[in-house]
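Below you'll find the structure, written out as structure tokens, and then a few comments.
Read-outs: derived from the displayed coordinates by stated rules, not from any lab. As the structure is a prediction and not an experimental result, all values here were calculated from the model. FYI the Cβ positions are ideal-geometry reconstructions off the backbone, even for glycines, and counts take in every protein chain you see.
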Amino acid sequence: MDEATASIDVETDHIIHDIVQRQLSDCTVIIIAHRLSTIRNCDVIVVLSDGRVVEMGPPGQLSANPQGHFAKILAENQL
């Protein structure tokens, strides 16, 4: 899914994310997102910079590394 919820309201966004979580829980889903809320429940996050993978791992692990790209993105967005 490439920014599947980019042009919809917040309520519909939540509905779509809930459906994806429930109905596709046993599937591999690749989500391309710019909004952090879109990836809030992902198992693995791949962070790209200039077209290259700079970080990859579970959200908790990535956010715990204060020197990492993902943690810096979270800090910049106060999430």
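Where in segment 6-79 are there helices (runs of 4 or more DSSP H), lying fully within it, with 2 or more residues that are exposed (fewer than 12 other Cβ atoms within 10 Å of the Cβ)? Correct list: 10-23, 69-76. Within segment 35-67, the set of residues being of a type in the set (Gly, Ala, Ser) and over 25 Å from Gln21 (Cβ atoms) comprises Ser49, Gly51. Restricted to segment 32-44, and to residues there that are β-branched (Val, Ile, Thr) and within 18 Å of Gly60 (Cα to Cα), the residue that is nearest to the chain's Cα centre (by Cα) is Ile39.
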